Amino acid sequence: MSKPPRSLGRTHADEPHEQSVASRLNWLRAGVLGANDGIVSTAGLVVGVAGATETQSAVLVAGVAGLVAGAISMAAGEYVSVSTQRDSELALLDKERAELRDAPEAELEELAGLYVSRGVSERVALEVAKELTAHDALAAHAEVELGIDSEEQTNPWHAAWASMLAFTLGALLPLLVIVFTPIDLRVYITAVAVALALAVTGYVSARLGGSPPGRAVIRNVCGGVFAMVATHVVGLLIGGQV
């Protein structure tokens, strides 16, 4: 006796069917980039200043100024970038609406052709195109032809706030560590704390993205350590000349 077919609506638990992949990647990208940039840039800044002077107040002022400037810059950059993407998506949807209104038969053939190009037979592709068009023609064309969600565009404010918050949280770590540790050990302790933090963010970002964490951790840690070494050397050189 043959087994009954599985339900067509059944999905895999580890695949993001219930959440927009574009939205998830947008949040992930903004958060990870913001946290990494906050950790690395602020760590490089305070370690560089610490190489030039032993005054804790100078390190604190430089760190706070870098945190504020960096958080605002990250938020503004994300807002502009995602706004541009959103405007492009809306323009494409408007164009698709006009084409569906003015040439519905041609659009139906185009949708069927897209399914044929993906390996579906012409008969089945035409039936699928007709059913999807009857249900929601714009959504069908937006997904298959444009690769976007007609109901959910990327939100620039979400990306901006996520980036600002992530940068601030990341920047606080090296700033607080270097300010509240003994002067003779502050650079070394900060370097260790930053390396551990970058290892964590690299691991988390890789796991959320479904990629192997090893390479992401190595990239993050090596980049952060290189930035701190470079800025500390600059601080030592300039501090010795001033």
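If only residues of region 86-105 that are touching a helix residue (DSSP H, G or I) at 6+ places or on another chain (Cβ under 8 Å) and of a type outside the set (Asp, Glu) are counted, the one that is surrounded by the fewest Cβ atoms within 10 Å (Cβ to Cβ) is 104. For region 158-204, a tally of residues being touching a helix residue (DSSP H, G or I) at 6+ places or on another chain (Cβ under 6 Å) and charged (D, E, K, R) returns 1.
With the requirement that a residue be touching a Pro at 6+ places or on another chain (Cβ under 7 Å), modelled with pLDDT of 90 or more and farther than 17 Å from residue 172 by Cα, what does region 30-82 give you? The one that is touching a Pro at 6+ places or on another chain (Cβ under 7 Å), modelled with pLDDT of 90 or more and farther than 17 Å from residue 172 by Cα: 79.
Of the numbered criteria (1) crowded, with 16+ Cβ neighbours inside 10 Å; (2) not in a helix (DSSP H, G or I), the one residue 63 fails is (2). Going through (1) under 24 Å from residue 166 (Cβ atoms); (2) in contact (Cβ under 8 Å) with a residue 40 or more places away in the chain; (3) open to solvent by 50 Å² or more (accessible area, probe 1.4 Å) one by one, residue 77 falls short only on (3).
The values are calculated or read from the model by the stated rules, or taken from the named source; none is laboratory data. Here the structure is a predicted model, which means the values were calculated and not measured. Because the Cβ atoms are built from the backbone with ideal geometry, glycine has one as well, and the counts that use them run over all protein chains shown. These area figures cover heavy atoms from the full protein model, side chains too; ligands, DNA and RNA do not enter into them. Shrake-Rupley method; radii C 1.70, N 1.55, O 1.52, S 1.80 Å.
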